[in-house]
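Bear in mind these aren't lab numbers, they're just calculated from the coordinates by the rules spelled out. Note that the structure is predicted; figures quoted are calculated from it, not measured.
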Amino acid sequence: MRYVLLLAASITLSVALVVKTKEECKCFEEFEPEKEGDNWFCRGKKNFRIYECGEEKPPRCICSDKGKKITLDLGETDCTSTNHRHVDDLFCEPRAEWDEYFKRHPHRRLIVEPTPPF
């Protein structure tokens, strides 16, 4: 039953967020409105990531590479673009802040397959 209510709320919210003009499409910094067909969305100027108009701004992704901290461009939600040696290196820091963000935006979370034991 909870799933049905969550689905109904999501559909209602997505219908309410339909944007018809460039002026209505609110993007966070480093992103600009772009139209494709009849739909407006926000595209990153640096990384070309796509977010919905009015979507919550994600935290900055901080990755580690050989002990060095790297802050990625706004809109990056994982560390797959950096050199990584272990599956734990794929996830952004600070983890607690990202975990909270992903609770609100589960579709943005990186899904990692478990490493086979062989």
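Measuring against 24 Å, Cα to Cα, the residue pairs Lys66/Lys103; Lys26/Lys103; Lys45/Lys66; Lys22/Lys45; Lys45/Lys103 contain Lys66/Lys103; Lys45/Lys66; Lys45/Lys103 as the ones spanning a longer distance.
Length gained on full extension, Thr80 to Lys103: 6.2 nm, using 0.36 nm per residue less the C-alpha separation.
If the chain between Glu32 and Phe48 were fully stretched, how many nm would it gain, using 0.36 nm times the residue separation less the Cα-Cα distance?
Values: separation 16, 0.36 × 16 = 5.76 nm, distance 0.99 nm.
Gain in length upon complete extension: 4.8 nm.
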